[in-house]
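See below for the structure under consideration.
The values are calculated or read from the model by the stated rules, or taken from the named source; none is laboratory data. Quick caveat, the model's predicted, so the values are computed rather than measured. Neighbour counts are summed over all protein chains in view; Cβ atoms, including those assigned to glycine, are modelled from backbone coordinates with ideal geometry.
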Amino acid sequence: MDVRTHWEKIYTTNAPDQVSWYRPRLETSLALIERASVDRSASIIDVGGGESTLVDDLLAHGFRNITVLDVSERAIEATKMRLGQLAEQVHWVAADITLVKLGQSVFDIWHDRAVFHFLTSPQERAAYVRQVARSVKPGGHVIVSTFGPEGPTKCSGLDVVRYDADSLHNEFGTHFRLVESLKELHRTPFGTTQQFLYCYCAVE
């Protein structure tokens, strides 16, 4: 089963609040994005945005240049339905982040919660990092969250790679300056906990 088919099945067979990564609000992500830019016209991409409510909160906080990318068209359509007319204010992209062609130096902020850790091959990770380096403006900001060292080894039937701050930052290289890292214990809808690691970097 290819990546797109796998995630279409996940989003078709599970309610938005019945997947392990669900949170009613991504408070940590929102706080880091607001720290990265007080300019509400900043260009933001949420990679793997799926059915996340981050886009709702970004709109509510006045951000008006938002792109949501996800490999699942089903997830994107569900989020559009939830937002109603507000969905017209967002740019939507249904694509695999390792394959899609993004513009050069178009984003001020790159956000990813729980996509990068699914990239288990060096080739996939290198393709992802090339996307970031190409599409984020010099002086821009990159916020990536993965499972931490004590997080799960699998998610949604797929293997993942767990990271600490050094190992995650090393994937991106010296072009990205690590500003801050933090760990968060996420409580799943099923009553279990998962350790997430956030790395916030500036693009040199």
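Here are the numbers for the structure shown:
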item	result
Residues of segment 46-90 satisfying the condition of being hydroxyl-bearing (Ser, Thr, Tyr) and part of a strand (DSSP E or B)	Thr67
Residue selected from segment 153-187 under the condition among the polar types (S, T, N, Q) and at pLDDT below 95, by the criterion surrounded by the most Cβ atoms within 10 Å (Cβ to Cβ)	Ser156
Members of segment 177-193 that are within 21 Å of Leu30 (Cβ to Cβ), touching a residue at least 12 places away in the same chain (Cβ under 8 Å) and out of contact with any Ser or Thr (no Cβ under 6 Å at 6 or more places or on another chain)	Leu178, Val179, Glu180, Ser181, Leu182, Lys183, His186, Pro189
Selection count, segment 1-27, where residues are closer than 20 Å to Met81 by Cα and part of a helix (DSSP H, G or I)	7
Sole exception among (1) over 21 Å from Ala15 (Cα atoms); (2) within 12 Å of the chain's Cα centre (by Cα) for Leu54, by number	(1)
Any chance Leu30 is assigned to a helix (DSSP H, G or I), of a type in the set (A, V, I, L, M), in contact with a helix residue (DSSP H, G or I) (Cβ under 6 Å, 6 or more places away or on another chain) and more than 19 Å from Trp92 (Cβ to Cβ)	yes
Residues of segment 46-87 satisfying the condition of being within 20 Å of Leu102 (Cβ to Cβ), charged (D, E, K, R) and crowded, with 17+ Cβ neighbours inside 10 Å	Asp46, Asp70
